[in-house]
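Here the structure comes first, spelled out in structure tokens, and everything after it is commentary.
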Amino acid sequence: MTRFFNPETIVPPHNAYSHGAELEAGTRLLYMSGQVGSEKDGSIASDFEAQMRRTYANIEEILKGAGMGLQNLVKVTTFLTGREYLADMRRIRGDILGGHRPAHTLLIVAGLAYEEFLIEVECVAAAES
């Protein structure tokens, strides 16, 4: 269904991601809006790790609703409000995704919708029809 690509003719990925993802025709696609570290009651964790783990827990719930899981992620875009969160982001992402390496783009941004948000993650997932 999904093939991930890391051609030997270009620089290897700098971290735990793939350069490209190819989907077979007829694959179901799920596009997710950017997710943040908000709890169901709207509260926001005060530290980066808690926000990131809540962000991915929210992503997992959306995936579950579509009959998918984290292994179905094919493209992830991460927005961080500070470069100081980069090492923690990579470590936590590794904890959460294990050996799964979807295509990934990382941006350091000046801010997100609310000042309290330190991370936002948007994703595309795919599954067989």
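The values are calculated or read from the model by the stated rules, or taken from the named source; none is laboratory data. A quick note: this is a predicted structure, and the numbers were derived from the prediction, not measured. Don't worry about glycine lacking a Cβ; one is built from the backbone with ideal geometry, like all the others, and counts go over all protein chains shown. To get the accessible areas, we keep the full protein, side chains included, count just its heavy atoms, and leave off ligands, DNA and RNA. Shrake-Rupley method; radii C 1.70, N 1.55, O 1.52, S 1.80 Å.
Numerical summary
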| quantity | calculated |
| --- | --- |
| Förster radius 25 Å - calculated FRET efficiency between Ala113 and His14, Cβ distance, rounded to 0.05 | 0.35 |
| Gap separating the Cα centres of region 72-129 and region 18-67, nearest whole Å | 9 |
| Fraction of antiparallel bridges per DSSP, the chain only, in percent to nearest 5 | 70 |
| Hz values of 3J(HN,Hα) by residue in region 117-129 - Karplus curve (6.51, -1.76, 1.60), Gly and Pro given as x | 6, 9, 8, 9, 10, 10, 9, 10, 10, 9, 8, 5, 5 |
| Principal-axis tilt of helix 86-97 within the chain, Cα atoms, nearest 10 degrees | 60 |
| With all protein chains modelled, accessible area of Met52 [1.4 Å, Å²] | 0 |
| Cα-based shape type of region 35-102, given that a ≥ b ≥ c are square roots of the gyration tensor eigenvalues and the cut on a/c is 1.5 | oblate |
| Estimated FRET transfer efficiency (Phe5, Ala50; beta-carbon r; R0 25 Å; 0.05) | 0.15 |
| Value at 222 nm in deg cm²/dmol, rounded to 500, when DSSP H runs of n ≥ 4 in the chain each add -39,500 (n - 2.57) | -7500 deg cm²/dmol |
| Sites Ile96 and Glu39 - FRET efficiency at Förster radius 22 Å, r taken between beta-carbons, to 0.05 | 0.80 |
